[in-house]
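One structure, pasted below without further comment.
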């Protein structure tokens, strides 16, 4: 028995070491990227990272929490708008705007979450969709404050972060830090309870978990990280448009999570890379992007509902579980 | 002072009447959505795209038939039928394979359908907008005691109740309605007594999508027909269905009344942000009654 468990512990430790090694390698690659790639690809990489962070923040509640987060783009857009408005209207210093924008998203997440967590599943999603659409409508109509459908352009950003390389480095550093934090959150006791609620809400409630409170916390955390992604979007693109918080964007991000695999941590990042890549590079050949996305999505749901990473990770995971099981015996 | 009061009263009732006419299309579209949601349990995001398809088809059919009143009435029947046929094909070949999946997958799948329909519209009709004229019998407006009501709004006010009565008859008095109600409550049991549930689902899906097409062809002469006209109506229809109670057609009626009236009255109070009022109404209703106003079939 002890032999089995010690070998399991050894394997776990070596796996952990492998993971650390892979992370370090990824960070080094990210840092070196601008030296090798032409400007356009650096911009593209930054966009992928921003969208990946956005998708990962959605996956926090969607994949790990099992919450039907139908309108996540609202928090993304709220962060972006808060950032842009603080710089253009309030003339706030950059660091303050960077700090406040995700907090605005988190507060919005708290407000929307507090209303929605009273409901579950489809009702939760639909109410969230309606509240989100309300926010979109206000942003879209409020010409004097948000610029209406023109959005906000000419956002004053210091040269150091508005250049392609500068924006990339800022994005890369922030995204890596955020991913690390989210990874810690998912594997914290809170994250475990969150996943327990996803797997079986009745049992979780029976052992004394306050489901609504945890879902509300999850919502606020996810909104916070989505807000950070929104800020980074402004840094990379230099503009904000109300389309950022339209409901179709939310569904597109869900497609990214689905594509990568929503029971995996890095799946949404992979999905974001694939979708953003396809959109950017098919754009040169055809304007029928929505047809392509629709067909990909149909094929995914029909034949690959676990996602790409889900397909790879799942068998490995079940093997681990199996050995853990025998180890216990 | 007296004049001002009369003016507001007149404009108020005017606005209520116009709002009621708009409610008609909202009701027709959302009752179809509610039917599909209640019986098939599919949150059909592509419902809005089918509505848009109905509008474009109505435009083309009316033009093909020479733009006459007869052509317009024919398009009111033919365009929804074409939409229903398309939905039948989609249901048989795609959706019928997915009934066991959870709602999130169904939602995303119908989103994919909406994307494809959108692009098909783009390919067939191009990216620009189209507009069609009302037949001459519907142009102009009636006026009585200081109120002006466009003739077409009056027509819509007649169509709405007709559709509601038709739906009531279909659901309560016909065999397929009774079977579909039973299937909404207990799918397996209906199958166990020897009824082909799969075809009942196909029929209900067709009826629901027919209603989407009908809504689209009814609004076709009143607004510009563009790509993206589906994006706002689908959200509104979903809100109405949620507010009324999932799968309850009368809930859809009640919901669209609340939605349409708060919208049209909101214009009087705060024109720039009139859109806020219906959404606020939905939020208030759902806070007071989280499961919707009327009993849901879920």
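How are the alpha carbon pair distances in the stretch B:1-142 distributed across 10 Å bins from zero to the largest one, expressed in percent?
In order of increasing distance, the bins hold 10, 30, 29, 18, 9, 3, 0 percent.
Do me a favour and compute the ellipsoid semi-axes for chain B from its Cα gyration tensor, root of five times each eigenvalue, largest one first, whole Å.
Calculated on Cα positions only, the semi-axes equal 32, 24, 18 Å.
Relative contact order for chain A using alpha-carbon pairs under 8 Å, separation at least 6, rounded to a whole percent? It would help to have the intermediate numbers written out before the result.
Values: 452 pairs, mean separation 104.1, N = 329.
Worked out over chain A, it gives 32 percent.
Also, quick follow-up: Could you list A:182, A:256 so that the one with the fewest beta carbons within 10 Å of its beta carbon is first and the one with the most is last?
Ordered by Cβ neighbours within 10 Å, fewest first: A:182, A:256.
Angle, helix A:289-303 long axis vs. longest principal axis of chain A, Cα atoms, 0 to 90°, nearest 10?
10 degrees
Please work out whether the stretch A:12-133 counts as rounded, prolate or oblate from its C-alpha gyration tensor, where a ≥ b ≥ c are the square roots of the eigenvalues and a/c under 1.5 means rounded, while otherwise a/b larger than b/c means prolate and anything else oblate?
Verdict is oblate for the stretch A:12-133.
Let me ask another. Any chance you could run the full-extension gain for residue A:292 through residue A:162? It's 0.36 nm times the residue separation minus the Cα-Cα distance, nm to one decimal. Mind dumping the intermediate values first?
Numbers: separation 130, 0.36 × 130 = 46.80 nm, distance 3.23 nm.
The residue A:292-residue A:162 span can extend by a further 43.6 nm.
Right, something else. With a point put 7 Å past each Cα toward its Cβ, work out how far residue B:272 is from residue B:142 in nm, to one decimal.
Once both label points are built, they end up 3.8 nm from each other.
Stokes-Einstein diffusion coefficient for chain A at 25 °C in a medium of 0.890 mPa s, Rh from the Kirkwood formula over Cα pairs: what value in µm²/s?
The diffusion coefficient I find is 118 µm²/s.
Now for a different question. Residues of A:284-293, mean number of Cβ from any other protein chain within 10 Å of their own Cβ, rounded to a whole number? Working shown, then result.
On the way: counts 0, 0, 0, 4, 7, 2, 10, 8, 3, 5.
Mean shielding count: 4.
Also, I was wondering about something else. Using Cα atoms only, what is the angle between the long axis of helix A:267-282 and the major principal axis of chain A, expressed in degrees (0 to 90) to the nearest 10?
It works out to around 40 degrees.
Hey, quick one: spin label on residue A:153, modelled 7 Å out along Cα-Cβ, who in the stretch A:67-99 has an amide N within reach, i.e. under 18 Å?
Inside the label zone: A:81, A:84-85, A:88-89.
Mind sorting B:36, B:241 by how few other Cβ atoms lie within 10 Å of their own Cβ, fewest first? Display every interim value, and only then the final one.
On the way: B:36 29, B:241 32.
In increasing order of surrounding Cβ atoms, one gets B:36, B:241.
Going by average Cβ density within 10 Å per residue, which order do the peptides B:212-223, B:87-98 take, highest to lowest? Working shown, then result.
Working: B:212-223: 26.2, B:87-98: 16.7.
Output ranking for B:212-223, B:87-98: B:212-223, B:87-98.
Along each of its three principal axes, how wide is the spread of alpha-carbon positions in the stretch B:126-248, in whole angstrom units, largest first?
Here the spans come out as 58, 40, 27 Å, largest first.
Where does the protein assembly as shown land on Rg(C-alpha)/(2.2 N^0.38 Å)?
Rounded to two decimals, the normalised Rg is 1.03.
Within the stretch A:240-257, list the residues whose amide N lies under 13 Å from a label point set 7 Å along Cα→Cβ of residue A:279.
A:241, A:243-257
Suppose R0 equals 35 Å; then what is the FRET efficiency for residue A:39 and residue B:122 from their Cβ-Cβ distance, rounded to the nearest 0.05?
In this case the efficiency is close to 0.65.
Further question: Taking a ≥ b ≥ c as the square roots of the Cα gyration tensor eigenvalues, with a/c under 1.5 meaning rounded and otherwise prolate when a/b beats b/c, else oblate, which class fits the stretch B:178-237?
Prolate.
Moving to a separate point now. Need one word for the stretch A:132-237: rounded, prolate or oblate. Basis is the Cα gyration tensor (sqrt eigenvalues a ≥ b ≥ c); a/c below 1.5 gives rounded, then a/b vs b/c decides.
oblate
Can I ask one more? Per-residue mean of other chain beta-carbon atoms within 10 angstrom of the beta-carbon, peptide A:303-309?
1
When you look at the Cβ of every residue in B:225-232, what mean number of other chain Cβ atoms sits within 10 Å?
1
Determine which residues of the stretch B:44-62 fall in the zone a paramagnetic label at residue A:243 would reach in this model, i.e. backbone nitrogen under 19 Å from the point 7 Å along Cα→Cβ.
B:49, by backbone N distance to the label point.
Follow-up question, since we're still on this one. On a 0 to 90 degree scale, rounded to 10, what angle separates helix B:103-125 from the longest Cα axis of chain B?
Orientation of helix B:103-125: about 60 degrees from the principal axis.
Within a 10 angstrom radius of the beta carbon, how do A:265, A:194 rank from fewest other beta carbons to most? Walk me through the numbers before you get to the answer.
Working: A:265 20, A:194 26.
Ascending number of Cβ neighbours within 10 Å: A:265, A:194.
FYI, it's all coordinate maths here, none of it is from the lab. All values reported here derive from a predicted model rather than from experimental measurement. Every residue, glycine as well, gets a Cβ built from its backbone with ideal geometry; the counts of neighbours run over all protein chains shown.
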